[in-house]
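Notes follow the structure.
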Amino acid sequence: MFNRGMADVGRLLLVLGVVLVVIGGVLLLVGRFHLPGDFTLRSGSTVIFIPLATSIILSIVATVVLNLVFRQR
């Protein structure tokens, strides 16, 4: 029913999901790291954390890794 390409995409999504869970667990255990571009807004008992620099770095890393994975095919 599924062709070989769809099975590969499914495995890739599964592996990426597991990697994200592991990274999330490590970040929870180690604690949050704050880069200079991460913003924390406090107003009374409300705290809003905007991880702008962290998001940009993670996006660049994910782009490089995915390009390496898909370029080898």
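The values are calculated or read from the model by the stated rules, or taken from the named source; none is laboratory data. These numbers come from a predicted model, not from an experiment. So basically every Cβ, Gly included, is an ideal-geometry build from the backbone, and we count neighbours across all protein chains shown.
Brief remarks follow.
- Where a residue in region 50-73 is loosely packed, with under 10 Cβ neighbours inside 10 Å and its partner, wherever it lies, is modelled with pLDDT under 80, with Cβ under 9 Å and at least six apart: Arg73/Asp8
- Evaluation of Thr40 against (1) in contact with a strand residue (DSSP E or B) (Cβ under 6 Å, 6 or more places away or on another chain); (2) at pLDDT below 80; (3) among the polar types (S, T, N, Q) (one fails), failing number: (2)
- Of residues in region 43-54 being part of a strand (DSSP E or B) and at pLDDT 85 or above, the one farthest from Val65 (Cα to Cα): Ser43
- Residues of region 10-31 that are surrounded by 11 or more Cβ atoms within 10 Å (Cβ to Cβ) and either at pLDDT below 80 or not small (Gly, Ala, Ser) (or both): Leu12, Val15, Leu16, Val19, Leu20, Ile23, Leu27.
- Region 40-49: number of residues that are surrounded by 10 or more Cβ atoms within 10 Å (Cβ to Cβ) and aliphatic (A, V, I, L, M): 0
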